[in-house]
Each structure stands twice: as C-alpha cells, then as structure tokens.
Amino acid sequence: MKAPEVVRQGESTRVVTKTAAELFQEGLEKGNKYSGGKWGGLYLRAPDIYFRVLEKAGDKLVRLGDVAEVRFGIKTGANDFFYLEVLPYRPVCPLCEKVHKEALAKEEEAAYWARGERPPENALVAVKNGAGWEGYLEASCLRPVIVSPKHSKTYGINPSSLPKRVLWLDDHLPPHATAYVNYGKDQGKSALREVSGSEAGYRIGASRKELIVYTRVSSTRHQIFLNERRVEVDNNLFCIEPKNKRFSPYLIYAALESTFGALQKELLGRSYGGGSGPIKVEGADISRILVPLWKGEKSHHLVEVVTTFASQPTRPLLEELGMRSWDDTPNPIPHRKALDDLIFDVLGLDQKERQAVYQETARLVWERTARAQSLGSIPWGNTEDVGLN
C-alpha cells in the first residue's frame, strides 16, 4: 500500500497529493468495475495519524478485498416464514393435534448448543414464526442464525443465546417440516422458490457461516464477531473469508476489530440517520479497509489474543478505551489493549502514535454521535434505548 504524500501548510491546512489514476484505481471493485472512491473521507476528513500509520507501515498494509471475500449473509426473502423462535412451552401441534411432551422447548434446546452439541436430528422442537404460527419442526431442519448485532452479547457468537433459528431444508423433508412447507405454500409465500429435481421443493440460498462477521450498521459500539461455532448469518451483517488459506482469519479479525480498524470504518462509512448517529458500511467500504501482512499471523499468541477478546462482552468503544470524552487520556481495558497492541506492533507504532490513534478514533465517534443527538455528552454506558449497538 503506497502512502499518499502529505504536505502541511500551516496548522489548519493539509495538502494530500494523489493522481487521478490512483484515485480511479482505488475505486475499482470486482471485474474492474468502478464503484466510486472514498477520497472525501480518507483524504479530507482523515486525521494526520492515519497518514502517519500508512507511512510507517509501508507495504505491510493491503486492502481487505485483495486478500478476503466480503459477502452478504443469507437472504431468505420471507423472514416471517424462515426465521423461527424456540418457544418456552409446548403448543398443540397443528399436524398431530396434540401436545408433544417429549419435544424440546427453549431451555432444553439451548442446553444442547451450550454444551457444544447439536440437538438430536429426529427430536421435535417447539417453535413459532413471525406471522404467529406455532407448532413443531424437526431439529435436523433448524440452524442457529444471527440476525442482529444486538443478539450477541459477546464478541464471540454463542448459538445457545441466539433467539432465532433458520429453517434449512435438505432434499428429504421429515413430516413436520413437510407440513410446514405446505402451510407456507398455502400462505402464498413467494420466497418459497421451487428447486428443480429437489424432493424438498423449496429452500433458501447458500449457507453463510464464515468465521468473521462484520456489523453493517452501528452506533457507539465497534462490533466484529468471531463465528467459531459457525452459525448462519443474516444479510443484516457481512461475512468475511480469506481468499487464501495462508492468510489467517484471526489476523483479519484482529485488524478489523482493532481501534485502527474502527478509525477506518469512521472514514469509510456513511451516515445512516437516526438519533444515535449510526454509521453504515457496505461491502465495498469494508473491502477498502487496510489490514496488515504479518509473518507471525499463524502464531498461538495471535489466536489466544483474539479468542480471549471474543469471550468478552461488547461495550461502547469509548468505554473500552477508558474515555468519557474524546479529549480524555486513553486507558483501554486489558483485552482491548492486548488486541490493539498486537496490531500496533505489526504496524510499528510508538506509544505517542498509539495514543493518537485512540484519540482521533474517539473524536470521530464522539462527533458523529454527539452531533446526531445535539448533546454535549453521550451516555456511553447505555445505548440500548437507541436500538443499535
């Protein structure tokens, strides 16, 4: 990654030199299609420390899109039909017209996932869909799915705590799943697409279980999830997978979740509207994030730092940085500091430069959210009221 030449002209003026050809190249996506660059955010709003990092890192930085695929999660086309919640009780079965006392209710079904097991394939699970239907489906047809970043309280996705299951149909449909599909057809669900030659007849698209899950819309939290249990991912989030097995997904995760990754999200993202000042990123934005190349990317230390971080509860970013306001002195909590230090070490940043990354990232988050709420301070410890993370 070639750092742009930056020339200071006084305290309030900065000149960044980039040729038209370089800007055009930065806006190219798959198939050499020009989708537009982010030069306004990167070269006009970016703080000086951003260019300093590029200068120091040199060719250690590459665009994420050059080393990894960024994909949408699954699109069902009919969430009310395909997404179901496990009930805390056992209803009367619409197929058998009785209560299945041996079926798994919410507590019993979640216990299997909490132990790292799948429920028995032939077990019935008490479920309801978004349209109010209640009944039973075979466990073999249900998979945990993360639909919203609010559904995971930790950076590592735990299937036992997810409220939704997605209906996943194979070629052979057991009795209750067959009855449910027939119910869907009777309801006129256009998303039940017929698959030629399939006994099941109807199913959704390709599975999305990548290890790295990137939040599409966020407010005060910087949440990239580690999907080690490989749950399905909804298209409210993005899935990221290395193009080459030689490039560690744990290094990509650390780079994206790091505070330098958060800084880049602030520069590349776009305003989404709303009282909490949310920021939205698309796949093209995420693909432009710079991640480091590192010879030690397969190290046990890297995996240990990332998995330790993933076990922690998500918090507002400024709270993780130990800051109440953007001009406070950063004092990051231990697991945040360990993750950031790993990336800062690879980039070759000294202590002063690390502090600058923290303060400038905090400033951008603060200005975005404070401007939206027209307040002098933000309740960083309580964001549940705005409906975003």
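Separation of region 45-66 and region 79-125 by C-alpha centroid, Å?
Here the answer is 49 Å between Cα centres.
Mark the label point 7 Å from the Cα of SER311 along Cα→Cβ and return the residues of region 203-245 whose backbone N is within less than 17 Å of it.
226-229
Which length gain, in nm to one decimal place, applies between GLU228 and ASP345 when the Cα-Cα distance is subtracted from 0.36 nm times their residue separation? Could you put the intermediate results ahead of the total?
Values: separation 117, 0.36 × 117 = 42.12 nm, distance 2.54 nm.
39.6 nm is the gain from fully extending GLU228 to ASP345.
Label-point separation (nm) for GLU102 and ALA131, each offset 7 Å from Cα along Cα-to-Cβ?
About 3.0 nm separates the two model spin labels.
Say each of LYS243 and ASN331 gets a label point 7 Å from the Cα, pointing the same way as Cα to Cβ; how far apart are those two points in nm?
It works out to 4.5 nm between the two label points.
Suppose R0 equals 30 Å; then what is the FRET efficiency for HIS300 and ALA111 from their Cβ-Cβ distance, rounded to the nearest 0.05? Intermediate values should be presented prior to the final figure.
Numbers: r = 31 Å, r/R0 = 1.05.
In this case the efficiency is close to 0.45.
Rounded to whole Å and sorted largest first, what semi-axes of the equivalent ellipsoid does the C-alpha gyration tensor of region 50-141 yield via the square root of 5 times each eigenvalue? Write out the running numbers ahead of the final one.
Working: eigenvalues 409, 54, 24 Å².
For region 50-141, the semi-axes come out at 45, 16, 11 Å.
Below 14 angstrom from the Cβ of ARG324, what's the summed charge of the other residues (Lys, Arg +1; Asp, Glu -1)? Kindly include the intermediate steps, with their values, before the conclusion.
Details: positive: ARG315, ARG363; negative: GLU319, GLU320, ASP327, ASP328.
Surrounding charge for ARG324 is -2.
Shape of region 216-267 from its Cα gyration tensor (a ≥ b ≥ c, root eigenvalues): rounded if a/c is under 1.5, otherwise prolate when a/b > b/c, or oblate? Please list the in-between numbers first.
Working: a/c = 2.06, a/b = 1.21, b/c = 1.71.
In terms of gyration-tensor shape, oblate.
Rounding to the nearest 20 debye, state how big the charge dipole of region 82-179 is about its Cα centre with +1 on each Lys and Arg Cβ and -1 on each Asp and Glu Cβ.
Details: 12 positive and 12 negative charges, 88 e Å.
With only Lys, Arg, Asp and Glu charged at Cβ, the dipole is about 420 debye.
Taking 28 Å as the cut-off for C-alpha to C-alpha distance, list the pairs among LYS106/LYS243; LYS245/LYS352; LYS106/LYS153; LYS164/LYS185; LYS60/LYS243 that go past it. Walk me through the numbers before you get to the answer.
Details: LYS106/LYS243 38 Å; LYS245/LYS352 35 Å; LYS106/LYS153 18 Å; LYS164/LYS185 22 Å; LYS60/LYS243 18 Å.
Violating the 28 Å Cα-Cα cut-off are LYS106/LYS243; LYS245/LYS352.
Report the trypsin sites (Lys or Arg not before Pro) located in region 230-286 that are in a DSSP loop and have at most 15 other Cβ atoms inside 10 Å of their Cβ, or state none. Intermediate results must be reported in sequence, preceding the final value.
Working: sites: ARG230, LYS243, LYS245, ARG246, LYS265, ARG270, LYS280; in loops: ARG230, LYS243, LYS245, ARG246.
Hits after loop and neighbour filter: ARG230, LYS243, LYS245, ARG246.
Using r as the Cβ-Cβ distance of VAL67 and THR154, and R0 as 25 Å, what FRET efficiency do you calculate, to the nearest 0.05?
Values: r = 26 Å, r/R0 = 1.05.
FRET efficiency, VAL67 to THR154: 0.40.
Could you sort 220-229, 85-94 so that the peptide with the highest average Cβ count within 10 Å comes first and the rest follow in order? Please list the in-between numbers first.
On the way: 220-229: 22.1, 85-94: 15.6.
Descending mean neighbour count gives 220-229, 85-94.
With a cap of 15 neighbouring Cβ atoms within 10 Å, and only residues DSSP puts in a loop, list the GluC sites (Glu not before Pro) found in region 245-282. Walk me through the numbers on the way to the answer.
Working: sites: GLU257, GLU266, GLU282; in loops: GLU282.
Filter output for region 245-282: GLU282.
Bear in mind these aren't lab numbers, they're just calculated from the coordinates by the rules spelled out. Model, not experiment: these values are computed from the prediction. For neighbour counting, all protein chains shown are included, and Cβ atoms are generated from backbone atoms with ideal geometry for every residue, glycine included.
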